Every structure is written in C-alpha cells, then in structure tokens.
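The values are calculated or read from the model by the stated rules, or taken from the named source; none is laboratory data. From a predicted model like this one, the values you see are computed outputs, not experimental measurements. Reconstructed Cβ throughout: ideal geometry from the backbone, glycine too, with neighbour counts over all protein chains shown. Note: areas computed on protein heavy atoms with side chains; ligands, DNA, RNA excluded. Shrake-Rupley method; radii C 1.70, N 1.55, O 1.52, S 1.80 Å.
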Amino acid sequence: MKKALFITSAVILILVVASCASLEKPLLLKSVTVDATLTDWGEYLYTDGASDSKWENNEIYQAGILFDATNLYIAGIFTKDGYNNFMVMVDLSGVAGASDTNKHPWERSYKFEEGDVDFVLETWGDDYTAWIFTTSEASEVKGTFAKATKDGKNVVEFAIPLSKLGVTDASKLSVKAVFVITGGTDDQGKQWAGDFYPDQGFETEDGGYTAPIVIKKVVTIPTQE
C-alpha cells in the first residue's frame, strides 16, 4: 500500500510540475508558407466587415498576424484604389521603437494609445515597402512577399525574420497590431484612413482624422485573457 501511494504521489507531482512549466512558457504560434493562398492561417486570419469602409472600393476583408520561432508573418485581403495602401502597424514587446509614425517617409501620422511603433508594412497589391522604426528614424527593411488576386481582391502575405526586428527570444514575444487602408496627410493637419481592423469605434464619416490618429484597439498575440 505504501509503495502504491508513493508511486501515485510521484505521478501527481510530475503532472503538477509539467502543468506549471506549460503555464509559464509563452505560446509560440505557428509557421505558414508565404504563397498568398492563406489556407494555413486558420484562426489567425481575422474577418472584417465587408462594407464598413468610409471609401468605396477601399476595404479590408481579412487580415492576420502571427509569429513562430523565426519569423513574423502578416496577411491581408483587401481592395484599394488611387494612392491608398494596406498598412500594418506593429508593436513588439521588448523592442524600443518610436512614439508615432511621423518619421514615416510617406508622411503617415499614427500612434498607439499604449505602446510604441516598431515596424510598419505598406502594400498596394503589386509590391510592398516596410520600415523599422526607432526613436531617431524609419529604416527600410526587406522581407519575403507574395501576392495574388482572387475574386477581384488583393491577397498579400509577408514574412520577416524576427532577428531583423530586434527580437532575440520569440518565446517571450507578444505582438500588437492594427490594419488600415491608409491615405496620406494633408495641409489641414488631417490623416486619412478608409478602413480599420479592428474597428476603432471613433470612425468619422469621411475618413479624415486629426493627426496623429491614436489607435485604441489592436490585435494581440498571443491572445491575452
């Protein structure tokens, strides 16, 4: 009887230790293939309202962000016209970035209500440009990019090594992001934006906002309970 109790106690102890270890280790998400099909994104591809943009023919339909031990991945399905772009603004835990995007070479004016701007991707369907933000500058950086057109919509997928972004330990990483169909700024001090994911709750009727736009709602990964 004593031997059986000892074995049972040992098994319980092992299970408790394993459970605590799993709780302490942050979630590493999944890897995807950068091919603009997005079939492997699963729950990390979020759906936006199909008619909530302030501008006709400028709409975010789906957007996603995730990471694995090596790369940060971004995806989007959208329409746009003119000089507007699909933009993703990212805040990486443990990385010191800029307070806002005012050093953006294309004169974008956004900031997070909480956190800083570490990375920005802009894609217009045919190509992309990406920047790493610090307190002093925005530096262009290259990643892996794939694009396609499906049902009249732009489909894009992007990956960049975490090491390029200053992330040294993906097991400790958390990411906040917002997706925007962005226009430019004007000489009246407005930043123009047609559609957000997540919706911000302060959208204007014409998509014009006093600059900088303060982003209040974000996608967070791993998901915070």
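By how many nm would the segment from GLU56 to ASP151 grow when fully extended, if each residue of separation counts as 0.36 nm and the alpha-carbon distance is taken off?
Extra length from GLU56 to ASP151 when fully extended: 32.5 nm.
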- Over the chain, what is the mean sequence separation of C-alpha contacts under 8 Å (at least six apart), divided by residue count, expressed as relative contact order in percent? 22
- Net charge of neighbours whose Cβ lies under 15 Å from the Cβ of GLY49, counting Lys and Arg as +1 and Asp and Glu as -1: -4
- Beta carbons within 10 angstrom, averaged per residue: use that to sort the peptides 176-186, 36-46, highest first. 176-186, 36-46
- How much of the DSSP beta bridge set in the chain is antiparallel, as a percent to the nearest 5? 95
- For segment 80-128, what % of the accessible area comes from carbon and sulfur atoms, probe 1.4 Å? 41
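Determine the shape class of segment 20-152: with a ≥ b ≥ c the square roots of the Cα gyration tensor eigenvalues, call it rounded for a/c under 1.5, and otherwise prolate if a/b is greater than b/c, oblate otherwise.
Cα axes put segment 20-152 in the oblate bin.
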- Heads up, the chain by the C-alpha gyration tensor (a ≥ b ≥ c square roots of eigenvalues; a/c under 1.5 rounded, else a/b over b/c prolate, else oblate) looks prolate
- Mind checking the per residue accessible area of the chain for me, 1.4 Å probe, whole number of Å²? 51
- Rounded to whole Hz, the Karplus (6.51, -1.76, 1.60) HN-Hα couplings of segment 85-94, x for glycine and proline: 9, 8, 10, 10, 10, 10, 10, 9, 5, x
- If ligands, DNA and RNA are left out, what is the accessible area of SER51 with a 1.4 Å probe, given in Å² to the nearest 10? 110
- Item | Accessible-area value, LYS103, 1.4 Å probe, nucleic acids and ligands omitted, Å² | 100
